[in-house]
Amino acid sequence: MTIHIVQPGQTLYSIASLYGVDPELLRLANGIPADNALAVGQTVVIEAIETFHVVQPEQTLSSIARQYGLSLRQLYRNNYWLNGMPTIHPGQILVITYNQNKLGRTYTNGYAYPFIRPRELSASLPYMTCVTPFTYGITAQGGLLPLNDGEILGEASRLGSAPLMHLSTLTEDDTFSSQRAVTLLSSPERQNALLRQVQATIKAKGYRGIDVDFEYIPGAQKANYAAFIQRLRQAVTPLPVLVALAPKTSDSQPGLLYEGHDYRLLGAAADFVLVMTYEWGYTYGPPMAVAPLPDVRQVLDYAVTVIPREKIWLGIPNYGYDWPLPFRQGATRARSISNQYAVELAVEHRVEILFDERAQSPWFRYTESGVVHEVWFEDARSMSAKLSLIQEYGLYGAGYWNLMRPYPQGWTVLNALYDVSDTWVG
């Protein structure tokens with residue numbers, strides 16, 4: 001994989017010619033719009049095709065995959081533009097293999113709300129070992145809030161992603177409730193009732209593990225939370241339990257977000273953990289990278305001292321933010337945008353995309369209706385830097401928050417760096 005940075009005067013065709021690759025496949029793999037518009041500073045991922053196949057009459061994707069000894073999921077991953085759909089036509093060119101030196105094998109998990117657009121779901125699932133519909137919350141009485149997860153589960157079954165049940169303290173108002181967490185963790189009887197509902201849901205829906213995300217837990221409840229995770233693990237065995245962790249850098253890090261998450265206790269109680277290494281740049285904060293690489297490293301440097309590396313999933317943000325300037329604490333609100341749309345904004349306003357070497361993150365400013373905006377997002381460089389940490393630290397895999405926004409180039413980078421496992425332990 002080569003990451004090319006668009007220079008002034010370059011076009012899609014001049015870049016394709018420079019590397020000797022097909023411009024249309026280059027466009028599709030990078031999510032470049034049909035008008036081929038580029039921004040100066042934009043990343044374009046270049047991959048050399050090693051083997052390709054021209055579709056013949058009566059052939060199907062499954063028969064082509066068998067012909068070359070590929071899994072159907074890998075054939076989809078090598079051809080993002082299929083969008084996870086089986087329709088092909090005679091004369092169509094499919095990439096069988098790229099000339100790649102991958103970092104190794106990894107596992108992936110992606111989160112999706114029930115209202116995800118079908119196209120985004122089917123396009124991203126071939127890249128996901130697991131998929132996690134978001135979320136089964138908890139009622140004030142300690143029961144499960146319902147989740148309309150049928151469509152996600154159906155596509156997961158068709159495309160071979162293992163579904164994980166997501167359990168959180170999210171309320172009917174879509175906010176995390178400290179009180180509901182405390183009420184549950186303080187009551188063995190409520191826990192028993194909840195665990196029975198979890199077991200029934202897993203059995204009825206065919207889930208192959210459970211992902212737990214209790215946020216804003218008071219520090220006084222950290223032992224109770226770990227004990228609950230142990231009880232949950234016993235209740236769903238042999239299925240694995242994954243627990244989400246706030247991005248801590250020490251045992252004693254203060255703050256309601258951190259104090260209830262004891263890395264050592266939760267790492268021992270669960271089969272896996274997800275370190276939520278994102279949201280340094282966030283809706284109500286000042287403009288900055290969502291996941292600055294030095295900050296991500298600090299969290300990992302601490303996590304691997306108290307949790308086995310092979311249990312850790314690295315949190316990967318699949319989004320950016322657009323801040324109106326000047327920033328005013330308590331007043332300014334950034335809007336969440338897709339990485340794809342961030343590039344479109346740069347193209348529309350004819351501004352150059354810059355790159356912060358320390359944060360390893362792209363950013364730019366533009367002006368609209370007299371208001372200056374600052375945008376931070378992810379591109380091939382920042383994604384490559386984060387994903388490479390999995391191999392460097394010996395981690396289990398990557399957890400993407402989330403799959404709701406289109407980002408073809410992100411999946412191209414993932415496929416170039418790793419062989420994504422098609423099988424899950426659950």
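Just so you know, all these numbers are worked out from the coordinates, no wet-lab data involved. All of these numbers come straight from a predicted model, not from anything done at the bench. No Cβ is skipped: glycine too gets one built from the backbone with ideal geometry, and neighbour counts run over all protein chains shown.
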Practice item. Per residue of the range 331-337, in order, report the coupling 6.51 cos²θ - 1.76 cosθ + 1.60 (Karplus, θ = phi - 60°) as ³J(HN,Hα) in whole Hz, putting x for Gly and Pro. Key: 10, 6, 10, 7, 9, 7, 9
Exercise for review: Quote to one decimal, in nm, the extra length available between V371 and A385 on full extension: 0.36 nm per residue of separation minus the C-alpha distance between them.
Suggested key: 1.8 nm
Review point. Which cross-chain or sequence-distant (5 or more) residues have an amide H under 5 Å from the amide H of V243, H modelled 1.01 Å from N in plane?
Key: V212, F272, V273, L274
Exercise for review: Please list the non-local residues whose amide H lies under 5 Å from the amide H of G209, H modeled 1.01 Å from N, same-chain partners needing a gap of 5 or more.
Suggested key: M165
Point to revise | At most 14 other Cβ within 10 Å, DSSP loop - trypsin sites (Lys or Arg not before Pro), the range 357-387 | key: R358
Study note, to complete from the structure: Net charge near L403 (other residues with Cβ under 12 Å of its Cβ; Lys, Arg +1; Asp, Glu -1) is +1
Review point. Mean residue ellipticity at 222 nm from the helices of the chain, using -39,500 (n - 2.57) per DSSP H segment of n ≥ 4 over the full residue count, to the nearest 500 deg cm²/dmol?
Key: -10000 deg cm²/dmol
Revision key, fill the gap. Residue by residue through the range 258-264, the couplings from Karplus 6.51 cos²θ - 1.76 cosθ + 1.60 with θ = phi - 60°, in Hz, x for Gly and Pro, are 9, 5, x, 9, 8, 4, 5
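Cα-Cα over 18 Å: which of K102/K386; K205/K311; K222/K248?
From the list (K102/K386; K205/K311; K222/K248), the Cα-Cα distance tops 18 Å for K205/K311.
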Study note, to complete from the structure: Given backbone amide H placed at 1.01 Å from N, residues whose amide H is under 5 Å from that of Q360, ignoring those fewer than 5 places away on the same chain, are L293
Practice item. Quick one: divide the alpha-carbon radius of gyration of the range 256-414 by 2.2 N^0.38 Å and tell me what you get. Key: 1.10
Point to revise | Volume per residue of the C-alpha convex hull in the range 2-98, rounded to whole Å³ | key: 99 Å³
Exercise for review: Would you calculate the separation in nanometres between label points at Y68 and R335, each defined as 7 Å from the Cα along the Cα-to-beta-carbon direction?
Suggested key: 4.0 nm
Study note, to complete from the structure: Given a Förster distance of 51 Å, the FRET efficiency implied by the Cβ-Cβ spacing of S252 and T60, rounded to the nearest 0.05, works out to 0.30
Practice item. Subtract the Cα-Cα distance of A48 and F355 from 0.36 nm times their separation in residues, and report this length gain in nm to one decimal. Key: 108.0 nm
**Study point:** Qualifying GluC sites (Glu not before Pro) for the range 11-58 [loop in DSSP, other Cβ within 10 Å: at most 16]
**Key:** E58
Exercise for review: Rank these for me by crowding, T237, T277, going from fewest to most other beta carbons within 10 Å.
Suggested key: T237, T277
Exercise for review: Taking the Cα centre of the range 22-116 as origin, sum charge times position over the Cβ atoms of Lys and Arg (+1) and Asp and Glu (-1), and report the length of that vector in debye to the nearest 20.
Suggested key: 420 debye
Exercise for review: Answer with one residue from G9, A65, Q221: the one whose Cα lies farthest towards the positive end of the charge dipole of the chain, charges on Cβ with Lys, Arg +1 and Asp, Glu -1.
Suggested key: Q221
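Among H261, H89, rank each residue by its count of other Cβ atoms within 10 Å, from fewest to most, as a rough exposure measure.
So the residues, fewest neighbours to most, are H89, H261.
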Point to revise | Max mean-square fluctuation residue, GNM over the chain, Cα-Cα springs under 10 Å, options V44, V54, V212 | key: V54
Revision key, fill the gap. Measuring from its Cα centre, the range 273-426 shows a charge dipole (+1 at each Lys and Arg Cβ, -1 at each Asp and Glu Cβ) which, in debye to the nearest 20, is 320 debye
Check your understanding: Any idea how far the Cα center of the range 210-224 sits from the one of the range 267-326, in Å?
Key -> 17 Å
Check your understanding: Among R208, R77, R158, what is the fewest-to-most ranking by other Cβ atoms within 10 Å?
Key -> R158, R208, R77
Point to revise | Residues T139 and Q100, FRET efficiency given R0 of 45 Å [Cβ-Cβ distance, rounded to 0.05] | key: 0.40
Study note, to complete from the structure: Scoring the range 2-98 by relative contact order with C-alpha pairs under 8 Å, at least six apart, yields a percentage of 32 percent
Exercise for review: Taking the Cα centre of the chain as origin, work out the dipole magnitude from +1 charges on Lys and Arg Cβ and -1 charges on Asp and Glu Cβ, in debye rounded to 20.
Suggested key: 920 debye
Exercise for review: Along each of the three principal axes of the Cα atoms of the chain, give the extent in whole Å, ordering the values from largest to smallest.
Suggested key: 66, 56, 37
